[in-house]
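*Asks:* Following this message is one structure expressed as structure tokens.
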Amino acid sequence: MPALAAEDVYALAPYAKTLGVVFDEMTAAGVRARLAHHPSLSTVGGGLHGGALMGLADVSSAVCAALNGPAGAAPATVESTTHFLRPAHTDVVATARPLRVGRNTVVEVDMHDAEGELCARVTQVVTAVTPKTS
């Protein structure tokens, strides 16, 4: 099980830092990450845009899969299903946990608002790929 720090994630996937994802916990058992509500990430009505929520889920899921995958492999999402349950008008916390670990890892991500309400649930299939060297 490879070790991973937030700075490693930001270096490998700069989008995570650009989006504003902050990691609270990163273990093979689960990843907890936060996304601050900001007007630049919102949509009609002031809720966080679905794309921002999906970005948070994808980053969290990829980190979870990487922590459960072979050393040196990079995660690549091959399938993603998102269920939006309610608008998020506050910061959001994502909790990613592996449902199945193998050649393809299945990760479920729950996203809660500051009141603890479930805003979205995402299930992803993430595969491990060997990065190409130039």
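*Asks:* At 1.4 Å probe radius, can you tell me the per residue accessible area of the range 16-77 in Å²?
*Replies:* For the range 16-77, the solvent-accessible area averages 42 Å² per residue.
*Asks:* A follow-up question, please. Beyond 26 Å, what share of the Cα-Cα pairs of the chain is found? Please give it as a whole percent.
*Replies:* In whole percent, the long-distance tail amounts to 18.
*Asks:* Still on this structure, I have one more. Give me the accessible area per residue for the range 83-134, probe 1.4 Å, as a whole number in Å².
*Replies:* 59 Å²
*Asks:* Determine, at each q value in 0.16 (inverse angstroms), the log₁₀ of I(q)/I(0) that the Debye formula gives when each Cα of the range 7-70 is one equal point scatterer.
*Replies:* Per q value, in the given order, log10 I(q)/I(0) is -0.52.
*Asks:* Distance from the Cα centre of the range 75-105 to that of the range 1-57, in angstrom?
*Replies:* When both Cα centres are located, 11 Å separates them.
*Asks:* Out of the range 95-127, which trypsin sites (Lys or Arg not before Pro) are coil in DSSP terms and have no more than 13 other C-beta atoms within 10 Å?
*Replies:* Passing both the DSSP loop test and the Cβ count: ARG103.
*Asks:* If I ignore ligands, DNA and RNA and count only protein heavy atoms, how much of PHE84 is accessible to a 1.4 Å probe, in Å² to the nearest 10?
*Replies:* Rounded to the nearest 10, that gives 110 Å².
*Asks:* Ok, one more. As I understand it, the value is the acute angle between the Cα axis of helix 50-68 and the longest principal axis of the Cα atoms of the chain; what does it come to in degrees, rounded to 10?
*Replies:* 30 degrees
*Asks:* Probe radius 1.4 Å, ligands and nucleic acids ignored: give me the carbon and sulfur share of the accessible area of the chain as a rounded percent.
*Replies:* After summing per-atom areas, the C and S share lands at 57 percent.
*Asks:* Further, regarding this structure: Under a point-charge model restricted to the Cβ atoms of Lys and Arg (+1) and Asp and Glu (-1), what is the dipole moment magnitude of the range 3-134 relative to its Cα centre, in debye to the nearest 20?
*Replies:* I would put it at about 380 debye.
*Asks:* Let me ask something else. Please report the accessible area of SER40 (heavy atoms, 1.4 Å probe, ligands and nucleic acids excluded) in Å², nearest 10.
*Replies:* Per-residue accessible area (SER40): approximately 90 Å².
The values are calculated or read from the model by the stated rules, or taken from the named source; none is laboratory data. Since the model is a prediction, treat every value here as computed from it, not as a measurement. Note that each Cβ is placed from the backbone with ideal geometry, even for glycine, and that neighbours are counted across all protein chains shown. Surface areas here come from the heavy atoms of the whole protein model, side chains and all, with no ligands, DNA or RNA. Shrake-Rupley method; radii C 1.70, N 1.55, O 1.52, S 1.80 Å.
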